[in-house]
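These notes are about the structure you will find just below.
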Amino acid sequence: MSVTQETFRAALLDPAAPVPDGLTDAAGRPAGRRFDVYRNNVVASLAAALETGFPAVRALVGPDRFRALAIAHARAHPPRTPLMMHAGADLPAFLEAAGFGAALADVARLELAVRESYHAADTAPVDPAALGQITPERLENLRLGIAPALRLVPSAHAVVSRRQAALEGSAQGAQDRPETALVTRPGFDPVVTALAPSEGVFVAALARGAPLGTAVARAAAHDPAFTPAAALSALLAGGAITSLETEPAP
Amino acid sequence: MLDSTRTCTLPDAPGVGFKACHFEAVTSAPGAVRWLEIHAENYLGDGGRPQAQLAALAERFPLSVHGVGLSIGAERGLDPDHLARVAGLVDRLRPASFSEHLAWSTHDTAFLNDLLPLPYTEVTLDRVCTHVDQVQAALNRPILLENPSTYLSFAESAITETDFLREITDRTGCGLLLDVNNVFVSATNLGTDPRAYLAAFPMERVGEIHLGGHDAQEDEHGAPLLIDSHGREVADPVWTLYAEAIAAAGPRPTLIEWDTDVPDWATLAAEATRAEAILARVPA
């Protein structure tokens with residue numbers, strides 16, 4: 001009798017499944033608890049990767065409940081890549097399907113974004129003073145090179161405050177509000193900044209290659225009170241601007 | 001087949017599995033540690049601290065790149081994208097050694113993050129040799145293949161593990177990575193003699209030795225069931241087997257693996273010092 005890897009895998013991920021025939025101990029008896037070693041290794045290592053990768057979500061739902069969710073996730077959705085740095089890429093959708101709200105799923109998205117930023121390619125930022133040296137008539141058509149470590153997580157909830165409070169072990173004090181999380185990586189450690197939704201629209205437009213004037217117009221359409229200074233400061237402080245490309249004034 | 005004479009250029013000295021928490025210590029006070037091993041899959045990101053640390057280590061130590069995700073023992077074909085990523089890392093780093101496992105971890109697209117066992121038959125032998133050939137072609141170098149820890153037997157197995165490994169190395173030109181803890185764990189779990197296993201092992205093809213800790217449990221019949229946990233000191237019977245193996249075959253690059261419940265640097269370095277003392281008693 002041949003034990004296929006399909007049979008082996010299916011039994012690994014289903015604790016109720018019988019141990020496949022053809023797996024034995026030294027005396028030729030059914031493998032029993034010996035197969036459970038593999039079952040446990042697989043599920044425990046995958047669950048542990050999620051515990052490490054989603055500390056704020058774990059704190060928000062509680063360690064025991066998160067462990068149970070992580071084990072259920074490991075059995076239903078094993079990773080599709082051997083790169084465990086990407087473990088849990090589908091956890092936000094899994095949490096929503098399990099009945100958790102978008103507020104929690106967005107914290108999971110932010111934790112994924114922080115991990116992606118941590119592993120993103122290195123780039124040299126522009127000197128923050130360089131932006132101030134661009135003449136006003138050239139600002140409209142200025143395009144910014146954006147670092148690959150930049151991530152944006154727009155949310156209808158206070159995703160940044162919620163994650164921060166969870167990591168600090170404190171109750172979330174502020175009232176819920178829409179926030180866009182900006183993730184930058186000024187050195188090796190990602191920094192998370194809360195932006196207003198219109199600021200998020202602005203940075204997203206810049207990241208897609210829109211000229212500064214167009215990005216400001218899109219953000220202003222979202223919120224007439226929008227001004228770009230705070231978002232630009234956050235980008236400069238985060239080392240997220242890698243080039244300034246001006247076009248000749250018309 | 002590739003020329004295996006330069007399979008591994010690590011020194012016949014102790015190394016340890018590198019953990020990021022030890023970066024400062026290993027670069028300032030390496031002690032007996034002369035080389036480092038990294039898991040390929042942890043260094044396939046584009047940049048940031050992991051790549052910066054790796055570049056700094058590569059300037060200072062010979063490196064061994066140890067793959068844990070190529071799934072050479074898989075029934076299905078190798079993942080070409082993953083193989084290309086690993087080849088890119090090896091090409092950039094030019095490490096002293098590249099090694100992988102006689103095991104599988106991926107089926108279809110599901111990565112199971114464990115080193116899973118395969119039966120030893122003519123069919124699986126052909127398939128593993130094909131996969132080793134493909135890996136060696138992609139990496140443009142011979143690799144070392146590691147003997148697994150085993151918790152159970154396949155009724156269909158028709159070839160001993162040592163004959164299986166010898167045949168792979170003969171057909172593909174790959175070298176072998178001898179994990180002495182895995183030998184002890186498997187022999188205990190399968191009720192066989194670890195010394196007989198080592199006597200049958202093709203030591204002339206061994207380019208690296210692994211030593212790690214294991215946990216002890218029992219199965220439902222009260223028989224010993226050792227788990228290859230890499231979470232504690234190397235056990236005394238494993239040190240004894242290691243000393244006997246290199247006394248007979250000569251010194252080899254020797255790695256201390258400690259991957260879970262990672263200790264402080266002094267504790268890990270002490271294990272390397274213990275290996276160094278045993279290596280020092282072996283004529284080169």
Handout entry: Condition check for B:Ala284: over 20 Å from the mean Cα position of the chain (by Cα), modelled with pLDDT under 95 and farther than 24 Å from B:Lys19 by Cα
Key = yes
Completion exercise
The correct count of residues that are farther than 14 Å from B:Ala277 by Cβ and in contact with a helix residue (DSSP H, G or I) (Cβ under 6 Å, 6 or more places away or on another chain) in region B:238-251 is 4
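Residue-by-condition table, conditions (1) modelled with pLDDT under 95; (2) within 14 Å of another protein chain (Cβ to nearest Cβ); (3) more than 30 Å from B:Asn42 (Cβ to Cβ); (4) within 17 Å of the chain's Cα centre (by Cα):
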position: A:Arg75; (1), (2), (3), (4): no, yes, no, no
position: A:Pro78; (1), (2), (3), (4): no, yes, no, no
position: A:Ala97; (1), (2), (3), (4): no, no, no, no
position: A:Ala102; (1), (2), (3), (4): no, no, yes, yes
position: A:Thr135; (1), (2), (3), (4): yes, no, yes, no
position: A:Leu139; (1), (2), (3), (4): yes, no, yes, no
position: A:Arg143; (1), (2), (3), (4): no, no, yes, no
Exercise for the section: Scan (1) touching a strand residue (DSSP E or B) at 6+ places or on another chain (Cβ under 7 Å); (2) within 14 Å of another protein chain (Cβ to nearest Cβ); (3) outside any loop (DSSP other than H, G, I, E, B); (4) farther than 23 Å from B:Pro251 by Cα for the single condition B:Val128 breaks and write down its number. Expected result: (1)
Practice task
Say whether the condition of being among the hydroxyl-bearing types (Ser, Thr, Tyr) and within 26 Å of A:Thr52 (Cβ to Cβ) is met by at least one residue in region B:217-236.
Solution key: yes
Exercise for the section: Pull up region B:59-84, narrow it to residues that are outside any loop (DSSP other than H, G, I, E, B) and in contact with a helix residue (DSSP H, G or I) (Cβ under 8 Å, 6 or more places away or on another chain), then point me to the one that is nearest to the other protein chains (Cβ to nearest Cβ). Expected result: B:Leu83
Exercise for the section: Quickly run through region A:11-25 and pick out the residues that are surrounded by fewer than 17 Cβ atoms within 10 Å (Cβ to Cβ) and facing chain B (nearest Cβ under 9 Å). Expected result: A:Asp21
Handout entry: Sole exception among (1) at negative phi; (2) surrounded by fewer than 22 Cβ atoms within 10 Å (Cβ to Cβ); (3) within 14 Å of another protein chain (Cβ to nearest Cβ) for B:Asp133, by number
Key = (3)
Practice task
Evaluate region B:137-156: report whether one residue or more is crowded, with 24+ Cβ neighbours inside 10 Å and part of a helix (DSSP H, G or I).
Solution key: no
Practice task
With respect to A:Phe66, determine if the residue is more than 9 Å from chain B (Cβ to nearest Cβ), within 30 Å of A:Pro18 (Cα to Cα), in contact with a Lys or Arg (Cβ under 6 Å, 6 or more places away or on another chain) and assigned to a helix (DSSP H, G or I).
Solution key: yes
Handout entry: So B:Asn113, is it within 14 Å of chain A (Cβ to nearest Cβ), of a type outside the set (A, V, I, L, M) and more than 15 Å from B:Ile168 (Cβ to Cβ)
Key = yes
Problem - Qualifying position, being more than 16 Å from the chain's Cα centre (by Cα) and either in contact (Cβ under 8 Å) with a residue 60 or more places away in the chain or at positive phi (or both), among B:Arg195, B:Arg171, B:Arg127 - result: B:Arg171
Practice task
List the number of the failed condition for B:Val183; all other conditions in (1) in contact with a strand residue (DSSP E or B) (Cβ under 9 Å, 6 or more places away or on another chain); (2) among the β-branched types (Val, Ile, Thr); (3) under 26 Å from A:Thr4 (Cα atoms) hold.
Solution key: (1)
Problem - Verdict on B:Phe98 being over 18 Å from the mean Cα position of the chain (by Cα), crowded, with 17+ Cβ neighbours inside 10 Å and either in contact (Cβ under 8 Å) with a residue 12 or more places away in the chain or at the interface with chain A (Cβ under 7 Å from one of its Cβ atoms) (or both) - result: no
Fill in the blank from the handout: B:Gly31: passes all of (1) closer than 30 Å to B:Ala284 by Cα; (2) not in a loop (DSSP other than H, G, I, E, B) but (2)
Fill in the blank from the handout: Within region A:26-58, residues surrounded by fewer than 20 Cβ atoms within 10 Å (Cβ to Cβ), touching an Asp or Glu at 6+ places or on another chain (Cβ under 9 Å) and farther than 22 Å from B:Pro117 by Cβ come out as A:Pro55
Handout entry: Per-region count, region B:236-284, residues among the hydroxyl-bearing types (Ser, Thr, Tyr) and under 16 Å from B:Phe184 (Cβ atoms)
Key = 3
Problem - Wholly within region B:204-284, strands (runs of 3 or more DSSP E) carrying at least 3 residues that are over 30 Å from B:Arg141 (Cα atoms) and touching a His at 6+ places or on another chain (Cβ under 7 Å) - result: none
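The values are calculated or read from the model by the stated rules, or taken from the named source; none is laboratory data. This structure is a prediction, so every number in the text was calculated from the model and none was measured. When we count neighbours, we look across all protein chains shown, and the Cβ atoms used for this are built from the backbone with ideal geometry, even at glycine.
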